[in-house]
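I have placed the structure first, in the form of structure tokens, so that the comments after it can refer back to it.
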There are 2 protein chains.
Amino acid sequence: MDLFFNPRSLAVVGVSASDFNLGRRIAQNLQEFNFDGIIYYVGPKGGQTLGRRIYKAVADIPDQVDLAVILVPARFVPEVLEECGQKGIHRAIIESAGFSELGPEGQAVENQLVEVAAKHDIRFIGPNCIGVINLHNGLSVPFAGLKDIFARGKISIISQSGGVGLDYLNVLGSENLGMAKFASIGNKLNVDECDLLEYMIADDQTDIICMYLESIADGRRLMEIARRTSKPILMHKSNVGEMAKEIAQSHTAALSGDDMAVSAALGQVGIARFDESDTLVNFLKILPLPRMGGNQIAVISRSGGHAVIAADACEKSGFSLTTFPKPFLREIEKHFRAKVIRLTNPLDLGDLFDYDVYTRIVEETVKLPDVDSVVFLHTYISAVEREDSRAFLKKLEEFSYSHTKPLATCVSTDGEEMSKLRKTLTHPVFTAPEDAVKALALLRDYRHDQIPQPELPPGQMDKARIAEIIARCRAEERPVLLNEGLEIIAAAGISVPGFEVVATADQAVAAADGFGGPVVLKLISAAVSHKTDIGGVLLGLDGRQAIERGFVSLSQAAGQAAQVKVLVQPMVEGGTEMILGAKRDATFGPVVLAGVGGIFVEVLKDVAMRVVPFSQDEVDKMLRTLKAYPLLTGARGRLPRDISAVRNGVLAVARLIDAFDEIQELDVNPLMVLHEGQGAVAVDARVILVRK
Amino acid sequence: MDLFFNPRSLAVVGVSASDFNLGRRIAQNLQEFNFDGIIYYVGPKGGQTLGRRIYKAVADIPDQVDLAVILVPARFVPEVLEECGQKGIHRAIIESAGFSELGPEGQAVENQLVEVAAKHDIRFIGPNCIGVINLHNGLSVPFAGLKDIFARGKISIISQSGGVGLDYLNVLGSENLGMAKFASIGNKLNVDECDLLEYMIADDQTDIICMYLESIADGRRLMEIARRTSKPILMHKSNVGEMAKEIAQSHTAALSGDDMAVSAALGQVGIARFDESDTLVNFLKILPLPRMGGNQIAVISRSGGHAVIAADACEKSGFSLTTFPKPFLREIEKHFRAKVIRLTNPLDLGDLFDYDVYTRIVEETVKLPDVDSVVFLHTYISAVEREDSRAFLKKLEEFSYSHTKPLATCVSTDGEEMSKLRKTLTHPVFTAPEDAVKALALLRDYRHDQIPQPELPPGQMDKARIAEIIARCRAEERPVLLNEGLEIIAAAGISVPGFEVVATADQAVAAADGFGGPVVLKLISAAVSHKTDIGGVLLGLDGRQAIERGFVSLSQAAGQAAQVKVLVQPMVEGGTEMILGAKRDATFGPVVLAGVGGIFVEVLKDVAMRVVPFSQDEVDKMLRTLKAYPLLTGARGRLPRDISAVRNGVLAVARLIDAFDEIQELDVNPLMVLHEGQGAVAVDARVILVRK
């Protein structure tokens, strides 16, 4: 992978002498960035440009070439790649657009590319991308002029979209955030985000990795790679809804998976996910600062109003405001001539206009042991205070490091001065108190250490029984029936109340007598998946007459089928209804979900998800994210429910889908969760096998 | 009020020749803004500065003065105001800080100010503020240099905080949003936000009013004034949480009321509320554009990635993406040489680099009848495309007006070019597609017309009965008892199941016999407010034995009281439990709230509130904001509940608190809402009277 970023020589294919030629812009870029290697230009018309000869064909280049950068019309790309292969070039960046993102024709050309690459053992980035940048050797092959935009640093970027990638380059430049490497991956036909992530993780010049993705090629691999590092990975993932899908497909041939699975997966491996660039950049700004040792903030403000706004923001983000110790306040008090200040946190500097005193106050504050971070809110009119203010902000920058606590500065001044400050300070400058506080909260909550690969805790499972049921369904080429579904989850370790399968009304009555009390009758049918829709479930039937009548009505609902089968169950009441589920996500493989039944799942979409495998602790974390969680813990005088039974249910479902590749999807709905110590029972289950 | 903004002559009191003198900065400001009136300086040391004499006392000024701007240490302010009064000056702006925001001492000085002002009939703004600006006559009295920051326009600002006010001035300037007038109101001891709002509404030079407030002086008056105008009012209201309160009190002596009441009140009178300045400014940017005629958006993007992001944002905000008609697409197609585009909405311009074609495409798009707004997403490197791009953006600006549809442009380029664009374009420039789409959604949803004063629809209420109960409680100096609470809400028109008050176990059994079926026993006690906490409620008692035992246990819970009173009610089951409430808010007076009982109110804080009075339609709107609303409408196959009974309940509660000033607070909890057509019954109620 390193040849993509550190080639000793490269050929730009598609260069002409015309001002409008995009290949020539790449050439210009390389020149302006002082690329530390040998450059060749190739273009069918030949000639010369920028002081260099343009070879008519790749074959004409006299020397060995490490990397080809190709920007010719799509239909010519396979031919050029073939030439590269013959020349012995094994790395290519294909910037040309017009492939699968346009439909079948482009798809055919892509297939050719894959073929040629395989033949010659070529790895390539793209097509439909703007290439790579390495600020450490001046490699810069986007077809857009980028000179002087950004500073060299430790942040590397992987972007599926060239345009959004440029956007991040612009922002990095404006915010004085130093960059190491950049890669736009486009249609990711050969090299994908995982290849590049792996490379950036190993790269010494990269400390922080930002990714913009619209699709994830291989979710499992991404997770596995991310787990291997403690370098922060920040991901902006779009293509979330239905409307984006069409354009996303046209744009990158990207299928969008289940967005909830994306969030779950990234969370489990410590990748910080962002839905928009602003928040990502705010986090990026604060991330290089020392970590927060605790949850206590001191706010110092030149304006009472901003102090109020910051206090609201601190409360919203769950921070505490340090109570300043008396001796500290007495010390502070000395600096004020008139008594135009009330000594509290936030500390409003009132009408104190003395930058030296500001500096001393901030330093005294940052020294306090109970202060984990200082937020300074600074409003000024640049025409008057520009110089003082710049020097002061430089000082604050130093304090962050000399006292190893993150200082967040929020500045309000005119636009021109703001952009100058951002360009010159390496310390983050926020414009709104809320942004500064939110960024600190992200810093506080971010898990900086490596996350080990978890294992599902072992549990009882009758694998042979499950395998037998699945084999039978496969052999008979039919779906898993209701009773079989219940048997499977019972074999996986979830409590299921006893049930019987009957074929006549008399058998149903006999079964009910066996259970005692009211029963439920459910139609068993290979054809009917949504039993309730056709009246296939009858609840709370008590006594011979009711059961007989129920059996007849189910028979009628089943239609003309010769042999009706009905499941008889005792009626279970009084639990909190939960839904447990599992499915095989297209991107991340087996995932498990849990939610509280009724309005919470159906209307509020209050569902938690995790990618399998996960630890028992993770199940607890997962359940705690549910809005309806207090229903389980027994909020406000209710009796607590048996959460350990829910935990076991989630683990059982996870083990089940993990152990049986044949299972596409399964639901336990509802799981009736009883009072603490009394367990939980599943009264209905649905298991769907993978289509053969 | 106009003399504050258009004085013919003014005196700045507190000027010295020193460079560090803040009064001198005010003088400088007036000079730089070319104030169109006569200026006098006053300062105890006399002398001269900026080419003008400094009078030693206000009395020394030879001519008549309309307005005094005072910036002397707090303790001298009453004296200066007295001098002003003697001189016949009736308007003052007091910028000095150090008053009630610092505690009791400052409070005393404030009291003096109020006294002096009353004596001489002086109206004053402040203290603890940065004064006013009128860009139309050059009046600019903040003690911060502000020259050249902003352009003249139609936006006026009222800010409780000087610092946050400066912040808005900075942003207005950076975004090229033209300003008319500005007022910082500080401790609002005499002139408050309502006075200024009233003035701005009447002011011909103001089209849009922005307010930053930490407290609201008189909520009812604010609502009444806001109702009188169709000028948009945008309010940034902070001081929401507990942490902000302390600093807010020190800052402006502001008591924070119930924040939910604030949101309700502002919504009812059409004031757009914002919790942060960014969103407010984004709305401010798009507000002057033509209104959206419908919900259909066309997105045109130079980058596929941004198109994906915009599509996600459109879906989130509930927009539709117009399906482009065939002839239009054929027309568009002609402009593309190579076929590097897929014709869909969002329209990704792919590798088309031709600003003339962009312009034509945008114009053709904006002309489409099914397009209500166009979002153009523009990414470029300014070094290369600066000139073309600027001209193109100017064109887009014109299209908004020539086709009377709002066009939102989102630009990604380097920081310097961005700040130049913002300074020169009058059309909004957003940096993130999400921001552009969110701003359009605000524009779509904003109600531009005047909102008439609503009236509570009339309803049955037995006022005499209610008055009698209240009078009895007042006479006996005790709270309203449980049975009386039920009687009051019954008299207000809410269904209450029959109940009896008994004093012996035998009476209880007899009452239960009368009702038939299981009953509820509740302890009636003036001392016990939370019945359930002490076991004062017994549910579902059936049969003599259970009732007798229940009565005994309630007697014991009541303690040694000689005479136990117990309420006997039939047990009501099977409804959806709601909570209706009303209270007298410190800022807005009577408000009503409603929510679904249990976890929704208690844990999810899922409550809707409205300020009384309101129309029947408003009740429906209110109920629809509840997350639990689908529980009432019968989501997912449930039977719908009797929403009209809920509506009547809300109106009854509103009429009750509206009609009886003696009521401080009341709860109907729970209101059991039965199936559609079957009404709703209140099984418990609590009425708390205003403390005498």
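What percent do you get for the relative contact order of segment B:288-445 when only Cα pairs under 8 Å and 6+ apart count?
Contact order relative to length: 32 percent.
Which residues belonging to segment B:261-306 lose at least 30 Å² of 1.4 Å-probe accessible area when the assembly is complete, relative to their chain isolated?
Relative to the lone chain, where solvent access is computed with a 1.4 Å probe, segment B:261-306 loses at least 30 Å² at B:Glu276, B:Asp278, B:Gly305, B:His306.
Treating cross-link reach as a plain straight distance, find the lysines whose alpha-carbon is under 20 Å from the alpha-carbon of B:Lys87, omitting any fewer than eight places away in the same chain.
Filter leaves B:Lys45, B:Lys56, B:Lys119.
Can you list the lysines whose alpha carbon sits under 19 Å from that of A:Lys316, skipping same-chain ones fewer than 8 residues off?
Straight-distance partners of A:Lys316: A:Lys438, A:Lys627, B:Lys237, B:Lys245, B:Lys605.
Rounded to the nearest 5, what is the percent of antiparallel bridges among the DSSP beta bridges in the protein assembly as shown?
50 percent
List the accessible area buried at the contact between A and B, summed over both sides and calculated with a 1.4 Å probe, in Å² to the nearest 100.
6500 Å²
Angle between the Cα long axis of helix B:162-174 and the longest principal axis of chain B, 0 to 90 degrees, nearest 10?
With both axes taken from Cα atoms, the answer is about 50 degrees.
Using the alpha-carbon centroid of each, what span in Å lies between segment A:124-170 and segment A:322-396?
That distance is 41 Å.
Order B:Ser184, A:Ser317 by their accessible area, 1.4 angstrom probe, all chains in place, largest first.
Sorted descending by solvent-accessible area, the residues read A:Ser317, B:Ser184.
Just to verify a number: what accessible area does A:Lys394 come out at with the full protein assembly present, 1.4 Å probe, Å² rounded to tens?
Rounded to the nearest 10, the figure is 90 Å².
Given contacts defined as C-alpha pairs under 8 Å and at least six residues apart, what's the relative contact order of segment A:81-230, whole-number percent?
Computed value for segment A:81-230: 23 percent relative contact order.
For n ≥ 4 DSSP H runs only, could you compute -39500 (n - 2.57) per run for chain A, divide by its residues and tell me the 222 nm figure to the nearest 500?
Calculated mean residue ellipticity at 222 nm is -12000 deg cm²/dmol.
Each residue of segment B:317-326 in order: what ³J(HN,Hα) in whole Hz does its phi give by Karplus 6.51 cos²θ - 1.76 cosθ + 1.60, θ = phi - 60°, with x for Gly and Pro?
8, x, 7, 9, 9, 3, 7, 5, x, 3
Is segment B:288-445 rounded, prolate or oblate when judged by the Cα gyration tensor, a ≥ b ≥ c being the square roots of its eigenvalues, rounded requiring a/c under 1.5 and prolate requiring a/b larger than b/c?
Cα axes put segment B:288-445 in the rounded bin.
How far apart, in nm, are the 7 Å Cα→Cβ label points at B:Arg75 and A:Gln107?
With each label point 7 Å from Cα toward Cβ, the separation is 8.6 nm.
Determine the shielding of peptide A:158-169 by partner chains: average, over its residues, the number of Cβ atoms on other chains within 10 angstrom of each Cβ.
6
Please identify which residues in segment A:127-156 have an amide N closer than 14 Å to a label point set 7 Å out from the Cα of A:Asp36, following the Cα→Cβ vector.
A:134-140, A:152-153
Evaluate the charge dipole of the protein assembly as shown about its Cα centre and quote only its size in Debye, nearest 20, assuming +1 on the Cβ of each Lys and Arg and -1 on the Cβ of each Asp and Glu.
The dipole of the protein assembly as shown has a size of about 940 debye.
Need one value for B:144-156: mean number of C-beta atoms belonging to other chains within 10 Å of its residues' C-beta atoms.
Per residue, the number of nearby Cβ atoms from other chains is 2 on average.
Determine the sum of side-chain charges near B:Lys565: Lys and Arg each +1, Asp and Glu each -1, restricted to other residues whose C-beta is under 12 angstrom from that of B:Lys565.
My count for the surroundings of B:Lys565 gives -1.
Quick one: how many Å² of A:Asp462 are accessible to a 1.4 Å probe, rounded to 10?
70 Å²
Do any trypsin sites (Lys or Arg not before Pro) in segment B:629-683 lie in a DSSP loop with no more than 12 other beta carbon atoms within 10 Å, and if so, which?
B:Arg636
Would you mind working out the accessible area per residue for chain B, using a 1.4 Å probe, and quoting it in Å²?
Dividing the accessible area of chain B by its residue count gives 39 Å².
Which one of A:Gly597, B:Gly85, A:His236 has its Cα pushed farthest toward the positive end of the charge dipole of the protein assembly as shown, where Lys and Arg give +1 and Asp and Glu give -1 at the Cβ?
B:Gly85
What does DSSP give for segment A:92-209 in terms of the percent of beta bridges that are antiparallel, rounded to the nearest 5?
Close to 35 percent.
What is the protein assembly as shown by shape, rounded, prolate or oblate, if you read a ≥ b ≥ c off the alpha carbon gyration tensor as root eigenvalues and call it rounded for a/c under 1.5, prolate for a/b larger than b/c, and oblate otherwise?
Because a/c hits 1.5 or more and a/b fails to exceed b/c, the protein assembly as shown counts as oblate.
What are the residues whose amide H is under 5 Å from the amide H of B:Ile70, where those residues sit 5 or more places off or on another chain and H is modelled from the backbone?
Long-range HN contacts for B:Ile70: B:Val13, B:Ile93, B:Ile94, B:Glu95.
In chain A, what percentage of the DSSP-assigned beta bridges are antiparallel, given to the nearest 5?
Roughly 50 percent of the DSSP beta bridges within chain A come out antiparallel.
Amide H to amide H, which residues 5 or more places from A:Lys565 or on other chains are under 5 Å from it, using H placed in the peptide plane?
It is A:Ile524, by chain and number.
Using the Cα centre of segment B:566-689 as origin and beta-carbon charges of +1 (Lys, Arg) and -1 (Asp, Glu), tell me which of B:Phe588, B:Val566, B:Gln678 is placed farthest towards the positive end of the dipole.
The residue sitting most towards the positive pole is B:Gln678.
Between segment A:92-123 and segment B:638-677, what is the separation of their alpha carbon centroids in Å?
Taking the Cα centre of segment B:638-677 as reference, the centre of segment A:92-123 is 67 Å away.
Using a/c under 1.5 as the rounded threshold, could you call segment B:376-532 rounded, prolate or oblate? The axes a ≥ b ≥ c are square roots of the C-alpha gyration tensor eigenvalues, and prolate needs a/b larger than b/c, oblate otherwise.
Because a/c hits 1.5 or more and a/b exceeds b/c, segment B:376-532 counts as prolate.
Sequence gap at least 6, Cα distance under 8 Å: using those rules, report the relative contact order of chain A to the nearest whole percent.
9 percent
Looking only at GluC sites (Glu not before Pro) in DSSP loops with at most 14 other Cβ atoms within 10 Å, what is the longest site-free stretch of chain B?
With GluC sites (Glu not before Pro) excluded where exposed in loops, chain B gives B:1-454 as its longest stretch.
What's the average, rounded to a whole number, of partner chain beta-carbon atoms within 10 Å of each residue's beta-carbon in B:599-607?
4
The values are calculated or read from the model by the stated rules, or taken from the named source; none is laboratory data. From a predicted model like this one, the values you see are computed outputs, not experimental measurements. Don't worry about glycine lacking a Cβ; one is built from the backbone with ideal geometry, like all the others, and counts go over all protein chains shown. Areas reflect the complete protein model, heavy atoms only, side chains present, ligands, DNA and RNA absent. Shrake-Rupley method; radii C 1.70, N 1.55, O 1.52, S 1.80 Å.
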